[in-house]
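Notes follow once the structure below has been shown.
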Amino acid sequence: MPGKNFLFVPGPTNIPDRIRRAMDIPLEDHRAADFPEFALPLFEDLKKIFRTEQGQVFVFPSSGTGGWEAAITNTLSPGDRVLQSRFGQFSHLWAESCRKLGMAVELIETPWGEGVPLEEYRRVLTNDSTHLIKMVLVTHNETATGVTSDLVAVRRLLDDLQHPALLAVDGISSIGSLDFRMDEWGVDLAVSGSQKGLMLPTGLSVVCVSEKALEKSKTAQSFRYYFDFSQMSASNAGGWFPYTPAMTLLRGLRESVDMLLEEGMENVYKRHARYANSVRAAASAWGLELCAKDEILYSDTVTAICVPEGMDSNDVVRNAYNRYNLSLGGGLTEVAGKVFRIGHLGDMNELMILSALAGTEMALCDSGIEVTLGSGVGAAAALLRSSS
Ligand SMILES: Cc1ncc(COP(=O)(O)O)c(C=O)c1O
């Protein structure tokens, strides 16, 4: 098919040319004497993306899932209790990974489309008077349902109850796109991945660790080797890595961090909010419901849109791809066939959004979901024109 693919899945995202060019270089000697001059400022600047001064950032060669594993195995011992809620495929998988890594998971089933169940967390943590729960997990942005949870409220809850559990956050589809403040919100472990807001190829997980979590890692008994914070920390201190780093991706990461900081994190968040509003305006013009149950939960990086009863969202995704070279996200497991997803994070602009919406409304009609062609595009365009 001529022309380019329109990539609107919620990760991997579009890679800006500037980042592609930064990575189009010969491989480098990661033991060269001047390597720390590259690595040390990168570690420092990454902290600005997580909004931390106290925390330490580790870059592992893995997808985001490896970052989950690093967060868990470095700070917990087998049998430790953790509190997690399941309201989408990614919160489900993080809980599963904890279980398989030997943790006792207190799992709160929450309807998909809702966010972290604060009252349930309060009940469980209040009953945990002996502080058996060592970690509270929060999937900040549930990519499967387009739901963003309130991290500040979870922190407040832990503080109110004076509960010492670590607060661990999956920020894989939020960090670098949505407001996130490691220090101010008292987050202990924050996991991110390269192929979303950081606009890079898949292959890096970036984990930010508070002083409290680093202290815990000194006594945690879970087996770990590749993802060990202590060996990473010891090497990173001098500007090195304990094993061959993913050099090409690190060059891209340098450029990505520069781009985000040049734009300014507040502007990055605003841009994502504005594009998300325009996608939601389109969904509303089509007369389609969002999977997220409440406005307060709407994600500014991904919108999961429900198809009418009796229709199959897989048809929309298939038609978008086969007929218009537009990649949309499908519904996962519990919402398979019921929702399709538009990712609007990373390197994006107004006309890219409008193109994706044009392709989506054509694919909707092709799939028997009669929407008025141009209605979503028109609503989004009006919103984009009237906001900055
Ligand atoms: C919220 C969230 N957590 C975890 C993951 C898994 O990350 P990865 O596929 O990079 O391992 C994803 C991937 O989409 C995600 O969106």
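The values are calculated or read from the model by the stated rules, or taken from the named source; none is laboratory data. Being a predicted model, the structure only gives us computed values, none of them experimental. We place every Cβ from the backbone using ideal geometry, glycine too, and count neighbours over all the protein chains shown.
If you go through the range 347-369 one residue at a time, do you hit one that is crowded, with 19+ Cβ neighbours inside 10 Å, of a type in the set (D, E, K, R) and outside the structural domain of Val138 (by TED's automatic domain parsing)? Outline the logic, then answer.
Quick first cut of the range 347-369, residues crowded, with 19+ Cβ neighbours inside 10 Å only: 348, 353, 356-361, 363-364, 367, 369.
From what's left, of a type in the set (D, E, K, R): 361.
Now drop any that are not outside the structural domain of Val138 (by TED's automatic domain parsing), which leaves 361.
Checking the range 347-369: at least one residue is crowded, with 19+ Cβ neighbours inside 10 Å, of a type in the set (D, E, K, R) and outside the structural domain of Val138 (by TED's automatic domain parsing).
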### Residue check for Pro201: assigned by TED's automatic domain parsing to the domain that holds Lys47 and in contact (Cβ under 8 Å) with a residue 24 or more places away in the chain
yes
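Matching residues to (1) in contact with a Leu (Cβ under 6 Å, 6 or more places away or on another chain); (2) buried (at least 24 other Cβ atoms within 10 Å of the Cβ); (3) free of Cβ contacts under 8 Å to residues at least 40 places away in the same chain:
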position: Asp45; (1), (2), (3): no, no, no
position: Pro61; (1), (2), (3): no, no, no
position: Gly67; (1), (2), (3): no, yes, no
position: Ala71; (1), (2), (3): yes, yes, no
position: Gln84; (1), (2), (3): yes, yes, no
position: Gly88; (1), (2), (3): no, yes, no
### Query
When the range 268-301 is examined, which residues are found to be under 16 Å from the mean Cα position of the chain (by Cα) and either of a type in the set (S, T, N, Q) or part of a helix (DSSP H, G or I) (or both)?
Val268, Tyr269, His272, Ala273, Ala276, Leu297, Ser299, Thr301
### Task
Considering only the range 61-109, state which residues are β-branched (Val, Ile, Thr) and within 15 Å of the ligand (Cβ to nearest atom).
Thr65, Ile72
### Identity of the residue in the range 132-153, outside any strand (DSSP E or B) and not hydroxyl-bearing (Ser, Thr, Tyr), that ends up surrounded by the most Cβ atoms within 10 Å (Cβ to Cβ)
Gly146
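Has the range 35-43 got at least one residue that is under 28 Å from Leu214 (Cβ atoms), within 16 Å of the ligand (Cβ to nearest atom) and modelled with pLDDT of 95 or more? Walk me through how you get there before you give the answer.
Taking the range 35-43 as the starting set, the residues that turn out to be under 28 Å from Leu214 (Cβ atoms) are 35-43.
Within this subset, residues satisfying the condition of being within 16 Å of the ligand (Cβ to nearest atom) are none.
Checked against the condition, which is being under 28 Å from Leu214 (Cβ atoms), within 16 Å of the ligand (Cβ to nearest atom) and modelled with pLDDT of 95 or more, the range 35-43 yields no hits at all.
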### Verdict on Glu120 being of a type in the set (D, E, K, R), assigned by TED's automatic domain parsing to the domain that holds Leu93, modelled with pLDDT of 95 or more and under 18 Å from Arg86 (Cα atoms)
yes
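Under the condition of being assigned to a loop (DSSP other than H, G, I, E, B) and touching a residue at least 60 places away in the same chain (Cβ under 8 Å), which residue from the range 302-330 is surrounded by the fewest Cβ atoms within 10 Å (Cβ to Cβ)?
Filtering the range 302-330 down to residues assigned to a loop (DSSP other than H, G, I, E, B) leaves 307-312, 325, 330.
From what's left, touching a residue at least 60 places away in the same chain (Cβ under 8 Å): 307-308, 325.
Values: Val307: 22, Pro308: 12, Asn325: 15.
The qualifying residue surrounded by the fewest Cβ atoms within 10 Å (Cβ to Cβ) is Pro308.
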### Members of the range 227-245 found to be under 16 Å from Gly67 (Cβ atoms) and surrounded by fewer than 20 Cβ atoms within 10 Å (Cβ to Cβ), listed by number
Asp228, Ser233, Pro245
### Message
Looking at the range 1-34 only, could you name the residues that are in a loop (DSSP other than H, G, I, E, B) and of a type in the set (A, V, I, L, M, F, W, C)?
### Response
Met1, Val9, Ile15, Ile25, Leu27, Ala32, Ala33
### Query
Which of the residues spanning the range 56-99 are within 30 Å of Gly252 (Cα to Cα) and of a type in the set (Phe, Trp, Tyr)?
Phe58, Phe60, Trp68, Phe90, Trp94
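If you go through the range 177-196 one residue at a time, how many are away from the ligand (no atom under 11 Å from the Cβ) and either touching a Ser or Thr at 6+ places or on another chain (Cβ under 7 Å) or not in a strand (DSSP E or B) (or both)? It would help to see each step written out before you state the result.
First, pick out the residues of the range 177-196 that are away from the ligand (no atom under 11 Å from the Cβ): 177-190.
Now narrow it down to the ones that are either touching a Ser or Thr at 6+ places or on another chain (Cβ under 7 Å) or not in a strand (DSSP E or B) (or both): 177-189.
Selection size over the range 177-196: 13.
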### Query
If Pro201 satisfies every condition in (1) surrounded by fewer than 21 Cβ atoms within 10 Å (Cβ to Cβ); (2) away from the ligand (no atom under 16 Å from the Cβ) but one, which is the exception?
(2)
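Which one is nearest to the chain's Cα centre (by Cα) among residues in the range 6-32 that are within 16 Å of the ligand (Cβ to nearest atom) and at negative phi?
Quick first cut of the range 6-32, residues within 16 Å of the ligand (Cβ to nearest atom) only: 7-15.
Among the residues that remain, those that are also at negative phi are: 7-10, 12-15.
Numbers: Leu7: 17, Phe8: 15, Val9: 13, Pro10: 9, Pro12: 11, Thr13: 12, Asn14: 15, Ile15: 16 Å.
Out of the qualifying residues, it is Pro10.
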### Query
Out of the residues in the range 154-176 that are in contact (Cβ under 8 Å) with a residue 60 or more places away in the chain and outside any loop (DSSP other than H, G, I, E, B), which is nearest to the ligand (Cβ to nearest atom)?
Asp170
#### Entry: Of all residues in the range 232-271 being out of contact with any Phe, Trp or Tyr (no Cβ under 8 Å at 6 or more places or on another chain) and of a type in the set (S, T, N, Q), the one that is farthest from Ile133 (Cα to Cα)
Thr248
### Query
Quick one: is Ser278 in contact with a helix residue (DSSP H, G or I) (Cβ under 8 Å, 6 or more places away or on another chain) and assigned by TED's automatic domain parsing to the domain that holds Ile342?
yes
